[in-house]
Amino acid sequence: MPMYRHRIANAVVALTALLAPASASAQDYNVHHSGDTVIAEVSEKAIFVRTSGDTTIVEIAHPKRFIFLPVEKGKPEVMVQVATGRPDDKWHSIRLAREHVDFYRPLRLPDADKATLKLVGIAPNALALQALKMDDKFKRPRRHR
């Protein structure tokens, strides 16, 4: 195999790993709308979405180690925070999906019975909140030099 084909094959493998993390399996969501609350159930995991002013709050009962946020290139940035109640909680700028998912961005969740995400700049019924994935593992794609 010529060298350029080998590099293309490696790029495709790396891109595939970025677009769909190997450890994030497809999950079935049952999404229920009730007023401004969206309830998505993933097996024994439950995700509750509500609004407070311009902030969308996602509460996850019995979270796994990572949450994978769906990203769509070229969309406006949404401010996302994994809220632990500590003053050093960081805000992340992420282009959450609105029409389709280009790839997933992992965020580490706290080791607790409940996790809370705060999002500013997205509607509570957006595609990004319906396409969330969780898993206990995240395998980083290998980078070739």
- Query: Mind checking which pairs have a first residue in region 88-102 that is over 9 Å from residue 78 (Cβ atoms) and a second that is in a loop (DSSP other than H, G, I, E, B) and open to solvent by 90 Å² or more (accessible area, probe 1.4 Å), Cβ under 9 Å, 6 or more apart or different chains?
  - Reply: 102/73; 102/95
- Task: Go through (1) assigned to a loop (DSSP other than H, G, I, E, B); (2) open to solvent by 50 Å² or more (accessible area, probe 1.4 Å); (3) at pLDDT 90 or above and name the single condition residue 142 misses.
- Result: (3)
- Task: Any chance you could count how many residues in region 98-127 are aliphatic (A, V, I, L, M), open to solvent by less than 30 Å² (accessible area, probe 1.4 Å) and closer than 18 Å to residue 54 by Cα?
- Result: 4
- Query: What are the residues in region 84-97 that are open to solvent by less than 50 Å² (accessible area, probe 1.4 Å) and assigned to a strand (DSSP E or B), if any?
  - Reply: 94, 96
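The values are calculated or read from the model by the stated rules, or taken from the named source; none is laboratory data. Here the structure is a predicted model, which means the values were calculated and not measured. Note: ideal-geometry Cβ built from the backbone for every residue, glycine included; neighbour counts use all protein chains shown. Quick note on the areas: whole protein, heavy atoms, side chains included, nothing else; ligands and nucleic acids left out. Shrake-Rupley method; radii C 1.70, N 1.55, O 1.52, S 1.80 Å.
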